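Q: Before I ask anything, let me first share the structure, which is written out below as structure tokens.
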Amino acid sequence: MFGKLGDMKDMLGKLQEAQKESQAMKQRLAQIELKEESKGLSVIVNGNKEIKDIHIAEDLLKDGEELGDKLVLTINRALEKAQAVNDREMQSMATSMFK
């Protein structure tokens, strides 16, 4: 009977450790900035896939359709970079938890 309580205590401890590690990972990812550029447009996102900045050259403001197309393309590329960083951090965290 007490063996099961000990197992539950160990599991609870591991869960709390995983929560702490997850929070630390989110903080690390928030500090990572990734930049994607396309002619006259730049987008900066962090590792948590949050858009931090968009810079648009004035000449792009004249053509709304071109601007829209470039925004979608550039934002998606930036988010793909952020997802790759996020995936690596998650894999690293999972690996360290199961050692």
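Q: Can you give the charge dipole size of the chain about its Cα centre, rounded to the nearest 20 debye, using +1 on the beta carbon of Lys and Arg and -1 on the beta carbon of Asp and Glu?
A: Working: 16 positive and 18 negative charges, 148 e Å.
I would put it at about 720 debye.
Q: For segment 45-91 and segment 12-31, what is the separation of their C-alpha centers, rounded to whole Å?
A: 26 Å
Q: Counting only C-alpha contacts under 8 Å and six or more residues apart, can you give the relative contact order of the chain as a whole percent?
A: On the way: 97 pairs, mean separation 24.8, N = 99.
That works out to 25 percent.
Q: A 20 angstrom limit on the alpha carbon distance is what I want to check against. Which of LYS49/LYS81; LYS20/LYS52; LYS20/LYS81 exceed it?
A: Working: LYS49/LYS81 9 Å; LYS20/LYS52 25 Å; LYS20/LYS81 25 Å.
Over 20 Å Cα-Cα: LYS20/LYS52; LYS20/LYS81.
Q: Helix 64-97 against the longest principal axis of the chain: what's the angle in degrees, Cα atoms only, rounded to the nearest 10?
A: Approximately 20 degrees, to the nearest ten.
Q: Nearest 0.05, what FRET efficiency do ARG28 and MET8 give at R0 = 30 Å with Cβ-Cβ as r? Don't skip to the answer; put the middle values down first.
A: Details: r = 30 Å, r/R0 = 1.01.
FRET efficiency, ARG28 to MET8: 0.50.
Q: How large are Rg and Dmax for the chain when calculated on the C-alpha trace, in angstrom?
A: Spelled out, the Cα radius of gyration and Dmax of the chain are 20.5, 74 Å.
Taken together, the values in this text are just the output of simple stated rules run on the coordinates, not laboratory data. Remember, it's a predicted structure, so these values are computed and weren't measured experimentally. Virtual Cβ from ideal backbone geometry, glycine too; neighbours counted across all protein chains shown.
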